[in-house]
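What follows is calculated from the coordinates using simple rules that are stated; it is not laboratory data. Note that the structure is a prediction, hence the values are computed from the model and not measured. Because the Cβ atoms are built from the backbone with ideal geometry, glycine has one as well, and the counts that use them run over all protein chains shown.
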């Protein structure tokens, strides 16, 4: 009897997904993987050129949106749902990562400065509050869906996947704001899952390590080589497709809830 039970959300044309930061990097890889399974895709991003191009490629919907703006997020969800129906999956990949020391002294001039507070606030607004804003609004929409009750399901309505970072647990020099924002996502994961447990909505968070994203790949080749060699195993940078595969695995296992998963090749980041 137990062998016949499948704990799986249906990843096909009966399901739609919204992916923030979906025009490039981890978000784009996730969009491609879910679309290949037949899932209807809506991309939220600030980059219209890349977003429209990928949406055309995938037969999806693109919504230009600043996740720090309530009105823009509301309009984006309305557009996505008009095209694809109410989403059952939200993947939050939108994020920024400015780097400044908390306070520092210029070795040449002796000038002392500190982390620009407006940059700290912006990072929290985009990475933490922006992700929560999209999650809360998506969850409210998921509450309108019928639960997936049949011989394989026990009332699941939807899934929210947030993207933190290994910096949430071992942030490096200059990452105070970034680590704070990503650590906040770890902190809200279990309370969100508990808030939504009675409605059949799961919440999980992925902590990527060193991945081949546009931000990282802009670094010099020698720096990229050194970073790859710092990963215990496999000794390379992560592929965005591997992040996307983790999203699929989370979606396919309805018993996985309230969890934060490091996807990092066993790396533990050094101070620098």
Legend entry - Principal-axis tilt of helix 130-142 within the chain, Cα atoms, nearest 10 degrees: 0 degrees
Inset, instruction - Multiply the residue gap between residue 154 and residue 129 by 0.36 nm, knock off their C-alpha separation, and tell me the result in nm, one decimal place. - result: 5.9 nm
Inset, instruction - Would you mind computing, in nm to one decimal, how far apart the modelled labels at residue 36 and residue 249 are, each placed 7 Å from Cα along Cα→Cβ? - result: 1.6 nm
Legend entry - Packing-based order for 191-197, 87-93, 247-253, 266-272, using average beta carbon neighbours within 10 Å, highest first: 87-93, 247-253, 191-197, 266-272
Inset, instruction - Order these peptides, 95-104, 113-122, 181-190, by their mean beta-carbon neighbour count within 10 angstrom, highest first. - result: 181-190, 95-104, 113-122
Inset, instruction - May I ask you to compute the full-extension gain from residue 82 to residue 195, defined as 0.36 nm times their residue separation minus their alpha-carbon distance, rounded to one decimal in nm? - result: 38.0 nm
Inset, instruction - Please report 179, 48 as a ranked list, fewest other C-beta atoms within 10 angstrom at the top and most at the bottom. - result: 48, 179
Inset, instruction - Could you state the angle between the C-alpha long axis of helix 240-252 and the longest principal axis of the C-alpha atoms of the chain, as a value from 0 to 90 degrees rounded to the nearest 10? - result: 40 degrees
Legend entry - Globularity ratio of the chain, using Cα Rg and 2.2 N^0.38 Å: 1.03
Inset, instruction - May I ask for the angle, rounded to the nearest 10°, between helix 48-58 and the longest principal axis of the chain, with both axes built from Cα atoms and the value confined to 0 to 90°? - result: 40 degrees
Legend entry - Rh (Kirkwood; distinct C-alpha pairs) - segment 185-272, Å: 14.6 Å
Legend entry - Gain on full stretching of the segment that runs from residue 221 to residue 173 - 0.36 nm per residue minus C-alpha separation: 15.2 nm
Legend entry - Label-point separation in nm, residue 230 to residue 69, each point 7 Å along Cα→Cβ: 3.6 nm
Legend entry - Kirkwood hydrodynamic radius of segment 88-240, Cα pairs, Å: 17.6 Å
Inset, instruction - Which order do the peptides 60-73, 210-223 take when ranked by the mean count of other beta-carbon atoms within 10 Å per residue, highest first? - result: 60-73, 210-223
